[in-house]
């Protein structure tokens, strides 16, 4: 019996009913002309790809696995496996993040292939097709970056090698996989392919400005994030500077409104979450009644200064009852409790990218000045400029700022991965956040769990893929 790659199978059910899926032959799936007969069909495919991109999977895993959550007052066991730092090839998060991102990649690729095969002499249609092509190339790039950030690994477990040029990333996929068994690309190969996609996207997208869709700024933000991950400090600074020059930080008075969806200050790309689109990010932490099964950890909550605008965003100060610290970042809108748009890219992240790249380039004073600008905006007043005596001092402070600014946005686990070689730290939870119900208080710096395992569902269908160290064959 032939084994089918999971990549394709995961994406089929977006388009096919269960009955249709049982009747179709795999070779039918790669005939783009059958699925996309008009430009309107292609644009529907674009919407399907957007709809399949689900950063909530990474937000849930990252927030629970590290040190930003504790068991909530209404816990019924929700999220406990991740909170317990259980991570193996069969874990729900391991499988869910892998399969959803490769589903996005495959949906985007189906649309890209359809556009490339589409023939038209109508100039207005060509503009629409180019815009769709740019969107799908960029979205495919981001889904790849998300995977690399979590699953890349070198040949040993020691910190520092996960993003080296010769480390193993994940398979870069730009075709419809049916019988092939793709291998993992090196980080260098992978990055070159993603950058090529972003370059092509930039060349065809046009001047789109809707922050709920791919824009030129989305592409620049993706470049900056990838550059930081892969050690291209010059590229990280250049791309971050481009966005910083064009998009101002929100002031203190407007900051809460970003996350209540009453303004879009400093937002580069935001995924719509409403009754029509579906999705309820606040449901990662609480029931629909707002009763929390997971709460802001004491370790994080204690870091939030009462004068810092981020405190009333991270912590729900409106409905938290005595002894509770409910997560407030996805508080919801009137009539839509716990439902807000997901801000995937904000200019605040670009300040943090720039500061870290400056520090890694031995510009410690520049890094301090960049962090100072962000803090001043969040406090609404001039704050003392930090002073860094070493790279370690700088990274430690920048990581603190990332924790406050990007809480519950899916970055914390990746940040531990990226910096543990410099800081020498594993995950260490506040003693008040662990111990109960067997919740561990952390993992050591050289633990295998700082790279997510390739999931069993992929290993079973792809004998060519290499598992990460410490997880078996």
| task | Go over the candidates 163, 179 one by one and state the one that is over 25 Å from residue 233 (Cβ atoms) and touching a residue at least 24 places away in the same chain (Cβ under 8 Å). | result | 179
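If we scan segment 305-315, do we find a residue that is in a helix (DSSP H, G or I), within 19 Å of the chain's Cα centre (by Cα) and modelled with pLDDT of 95 or more? Please lay out each step first, then the result.
Keep residues of segment 305-315 that are in a helix (DSSP H, G or I), which gives 311-314.
Filter again for within 19 Å of the chain's Cα centre (by Cα), leaving 314.
With the extra rule that they be modelled with pLDDT of 95 or more, the set shrinks to 314.
Checked against the condition, which is being in a helix (DSSP H, G or I), within 19 Å of the chain's Cα centre (by Cα) and modelled with pLDDT of 95 or more, segment 305-315 yields at least one hit.
Residues checked against (1) surrounded by 21 or more Cβ atoms within 10 Å (Cβ to Cβ); (2) more than 19 Å from the chain's Cα centre (by Cα); (3) touching a residue at least 40 places away in the same chain (Cβ under 8 Å):
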residue: 80; (1), (2), (3): no, yes, yes
residue: 87; (1), (2), (3): yes, no, yes
residue: 90; (1), (2), (3): no, yes, yes
residue: 96; (1), (2), (3): no, no, no
residue: 99; (1), (2), (3): no, no, yes
residue: 103; (1), (2), (3): yes, no, yes
residue: 106; (1), (2), (3): yes, no, yes
residue: 111; (1), (2), (3): yes, yes, yes
residue: 114; (1), (2), (3): yes, yes, yes
| message | List pairs: first residue in segment 340-364 and free of Cβ contacts under 8 Å to residues at least 40 places away in the same chain, second residue part of a helix (DSSP H, G or I) and buried (at least 21 other Cβ atoms within 10 Å of the Cβ) anywhere in the structure, Cβ distance under 8 angstrom, at least six positions apart or on different chains. | response | 359/367; 359/394; 359/395; 359/398; 364/358; 364/394
| query | Taking only pairs six or more apart or across chains, which ones have beta-carbon atoms under 6 Å, a first residue in segment 199-223 that is over 15 Å from residue 238 (Cβ atoms), and a second residue that is assigned to a loop (DSSP other than H, G, I, E, B) and modelled with pLDDT under 95? | reply | 215/208
| request: Hey, can you tell me all the residues within segment 242-267 that are under 19 Å from residue 358 (Cβ atoms), touching a helix residue (DSSP H, G or I) at 6+ places or on another chain (Cβ under 8 Å) and surrounded by fewer than 16 Cβ atoms within 10 Å (Cβ to Cβ)? | output: none
| field | Test: residue in segment 53-64 that is surrounded by 22 or more Cβ atoms within 10 Å (Cβ to Cβ) and more than 27 Å from residue 451 (Cβ to Cβ) | value | no
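Pick out, from segment 369-473, the helices (runs of 4 or more DSSP H) lying fully within it that include 1 or more residues that are touching a residue at least 60 places away in the same chain (Cβ under 8 Å) and more than 29 Å from residue 89 (Cα to Cα).
Numbers: elements: 391-405, 412-423, 456-461.
It comes to 391-405.
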| task | Can you give me the number of residues within segment 124-158 that are surrounded by fewer than 22 Cβ atoms within 10 Å (Cβ to Cβ), assigned to a loop (DSSP other than H, G, I, E, B) and touching a helix residue (DSSP H, G or I) at 6+ places or on another chain (Cβ under 7 Å)? | result | 1
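The values are calculated or read from the model by the stated rules, or taken from the named source; none is laboratory data. Since the structure is predicted, the reported quantities are computational estimates derived from the model, not experimental observations. Here Cβ is always computed from backbone atoms with ideal geometry, including for glycine, and neighbour counts include all displayed protein chains.
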